[in-house]
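The values are calculated or read from the model by the stated rules, or taken from the named source; none is laboratory data. The structure displayed is predicted, hence computed values, not measured ones. Cβ: placed from backbone, ideal geometry, glycine included. Neighbour counts: every protein chain shown.
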Amino acid sequence: MFDTLMKFDKDREKLDFYATDRRAITELLERERFREKIYEPACGGGHIGKVLEEYGYIVKAADICYRGYGEEKEVDFFTVKENALDIVTNPPYFCAGDFLRHALDISKEGVKIAMLFRLAFLEGQSRYEIFKKYPPKTVYVFSKRLNCAKNAEFEKYKSSAIAFAWFIWEIGYKGKTQLKWIK
């Protein structure tokens, strides 16, 4: 699946590996609490998982491409059949909608899912259908840009023009979405 989808853009990193800015996860953890054990299904080099561990969480980390952190065997998230753990991740953007839909479909009642997406993830008819069926509980919009660096090369990619937000779901939640800002 990934190789076929990624052929469209040779400048993008294979499998869409853009490491997460440390500030993204620390800002999330100042606002949200998760269960003791968290699943990170697109763990890359551990940029999210290592911060979660620093905050005392136990992290089950996996990725379709082993990059030195998490399970040493490669795990395609789309093959996972059920999930009872809270999820915190920055999924590959080229399949973000499918990644989210799969997480929502396999997770048990009460599971919290936090995904870092471009703010533009709010747009689109197919995403509208996801939001209608599974309304996010909270969306945290970053007022200052994050730097998600290609291949985790933060020294090479020092800034970004892309707006990001944390989207938070709780399986079973049916209320209205709260929109909040991170300064």
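Filtered by the rule that a residue be in a loop (DSSP other than H, G, I, E, B) and within 15 Å of the chain's Cα centre (by Cα), the stretch 45-65 gives Gly45, Gly46, His47, Ile48, Ala62, Asp63, Ile64.
Considering the stretch 72-87, and only residues there that are at pLDDT 95 or above and loosely packed, with under 13 Cβ neighbours inside 10 Å, the residue that is farthest from Ile113 (Cα to Cα) turns out to be Thr79. Contact map, the stretch 109-136: residues that are touching a residue at least 60 places away in the same chain (Cβ under 8 Å) paired with residues that are of a type in the set (Ser, Thr, Tyr) and part of a strand (DSSP E or B), Cβ distance under 8 Å, separation 6+ or inter-chain. Pairs shown: Ala114/Thr89; Leu116/Thr89. Just to be sure, is Lys37 touching a Leu at 6+ places or on another chain (Cβ under 7 Å) and loosely packed, with under 14 Cβ neighbours inside 10 Å? Taking the combined requirement at face value, the residue satisfies it. Across the stretch 107-130, the qualifying residues are those that are in contact with a Gly (Cβ under 7 Å, 6 or more places away or on another chain) and in a helix (DSSP H, G or I), and the one among them that is modelled with the lowest pLDDT is Ser126. Does Val88 count as more than 25 Å from Gln178 (Cβ to Cβ) and of a type in the set (Val, Ile, Thr)? Taking the combined requirement at face value, the residue does not satisfy it. Considering (1) at pLDDT below 90; (2) in contact with a helix residue (DSSP H, G or I) (Cβ under 8 Å, 6 or more places away or on another chain); (3) among the acidic types (Asp, Glu), the lone condition that Asp98 does not fulfil carries the number (1).
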